[in-house]
Amino acid sequence: MTSQLLYEKYRKSLEQKFQKLFESYLPRTLYDPSAYIMKSGGKRLRPILVMLSAGAAGGNVNKVKNAAVAVELFHNFTLVHDDIMDNADKRRNNQTVHKKYDSNTAILTGDNLIAHAYNYLLKDCSDNNKKVINIFSQGIVEVCEGQSYDEAFETSANVSIDDYLKMIKKKTAALLEVCCSIGARLGGADPKTIRALENYGLNTGIAFQLRDDLLDIFGSEDKFGKMIGGDLIQGKKTFLFLKAMQNAKGDDKNLLKSFIRNHGIKRKDVSKFKKLYEKLGVLDDTEKEILYFNRRAIKSLNSIKDSNYKETLIWLVNDLSGRKN
């Protein structure tokens, strides 16, 4: 079975669970929006990473499916709350939960998702898996810290590329690291394999977020599923913006400084900044950075013995770091 077919096999099996996850729960005022976000699709990257990591560790993939559901619930909890904070209208080409319902319902929905995530994780944890629960909890802390940095950076005039990388390691990459760690541990991996898969998850997550930042301005809204230029409009200092600040001089530098003073730009100015990024070579700089973390992710798998799962993990990071949506 090819890597892509294996990925699709796992995705379809998980999708069946997600489509029925909250069918029998009450009250529907809480569980309809919970079901709505879980049915909204996506790559299902995080739960599949749990399964692939368990397989790479020599474990039984079918015995980590509840843990896989748990990390997808965790992920969607972050999306619901993130969309409220960003006042986003669209997610995966659908209305965000707070737009379809209201903000109070969305807050409750996010809280509900993370509570159910723990219930699912515990189903796959025996008495000696206290470390798995701790890693999952620490992952939530890391994501919240990363989101806080992201919010603070919007109003800060002095953000460095190192600051940005620290933020995305927490906000995005930490959850992928958690997925790989949980899958490896529940799969019975030795410490060396656990570290290898954690490093793979961390570096894959950084490459993934860098591509996400690039797609925010150079992608297609229909394929990306979100408004193009949203990061610029919200005043987010992404890798692209920070590289542009490094490369710019004269009037170009002044334009970028106006972005900082005004805490973002108007929607009509997105194309102007896109052209500026192209002029300053930011697209190439970002592609090089993505390739750097992509290679680090692949190198971390050197000690993995199972060739089938190893090849799938390599295919996956290559696919994600070069994705079009």
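Nothing in this text is a laboratory measurement; each read-out follows from the coordinates by a stated rule. Because the structure is a prediction, the values reported are computed rather than measured. Every residue, glycine as well, gets a Cβ built from its backbone with ideal geometry; the counts of neighbours run over all protein chains shown.
Which Rg and Dmax, in Å, describe the Cα atoms of segment 154-230?
Taking only Cα atoms of segment 154-230, I get Rg and Dmax of 15.6, 47 Å.
If each DSSP helix of 4+ residues adds -39,500 (n - 2.57) and the sum is divided by the residues in the chain, what number results at 222 nm, nearest 500 deg cm²/dmol? Spell out each step's value before the answer.
On the way: 17 runs with 236 residues, N = 325.
Using -39500 (n - 2.57) per qualifying helix, the result is -23500 deg cm²/dmol.
Show the residues, 5+ positions off or on another chain, whose built amide H is closer than 5 Å to the amide H of VAL159.
So VAL159 has HN proximity to no qualifying residue.
Order of ARG211, ARG28 from fewest to most other C-beta atoms within 10 Å?
Details: ARG211 22, ARG28 11.
Ascending Cβ contact count within 10 Å gives the list ARG28, ARG211.
From the phi of every residue in segment 100-105, what ³J(HN,Hα) in whole Hz does the Karplus formula 6.51 cos²θ - 1.76 cosθ + 1.60 yield, where θ is phi - 60° and glycine or proline is x?
Whole-Hz 3J(HN,Hα) from phi for segment 100-105: 6, 10, 6, 5, 4, 4.
Per 0.36 nm of contour for each residue apart, how much would the distance between SER103 and SER148 grow if the chain were fully extended, relative to their Cα-Cα spacing?
Working: separation 45, 0.36 × 45 = 16.20 nm, distance 1.91 nm.
The span from SER103 to SER148 would gain 14.3 nm if fully extended.
Can you find, among ASN318, LEU121, CYS179, the residue sitting farthest towards the positive end of the charge dipole of the chain, where Lys and Arg contribute +1 and Asp and Glu -1 at Cβ?
It is ASN318, whose Cα lies furthest towards the positive end.
How large is ³J(HN,Hα) for each residue in segment 172-187, as worked out from phi by the Karplus curve 6.51 cos²θ - 1.76 cosθ + 1.60 (θ = phi - 60°), to whole Hz, x for Gly and Pro?
10, 5, 4, 5, 5, 4, 4, 4, 5, 5, 5, x, 5, 5, 5, x
How many Å³ per residue does the convex hull of the Cα positions in the chain occupy? Show your work: numbers first, answer last.
Values: hull volume 40.2 nm³, N = 325.
Hull volume over Cα atoms, normalised by residue count, gives 124 Å³.
Measure nothing but the geometry: give the 0 to 90° angle between the long axis through the Cα atoms of 282-299 and the longest principal axis through the Cα atoms of the chain, rounded to 10°.
Compared with the principal axis, the helix lies near 20 degrees.
Using the Karplus equation 6.51 cos²θ - 1.76 cosθ + 1.60 (θ = phi - 60°), what ³J(HN,Hα) coupling, rounded to whole Hz, does each residue of segment 13-23 give in order, writing x for Gly and Pro?
Per residue, the Karplus-derived 3J(HN,Hα) values read 5, 6, 4, 4, 5, 5, 5, 10, 4, 10, 4 Hz.
Quick check: Cα centre of segment 45-92 to Cα centre of segment 100-162, how many Å?
Each part's Cα centre sits 11 Å from the other's.
Determine, for SER53, SER300, the number of other Cβ atoms within 10 Å of each Cβ, and report the residues in order from fewest to most. Show your work: numbers first, answer last.
Values: SER53 32, SER300 22.
Least to most surrounded, the residues fall as SER300, SER53.
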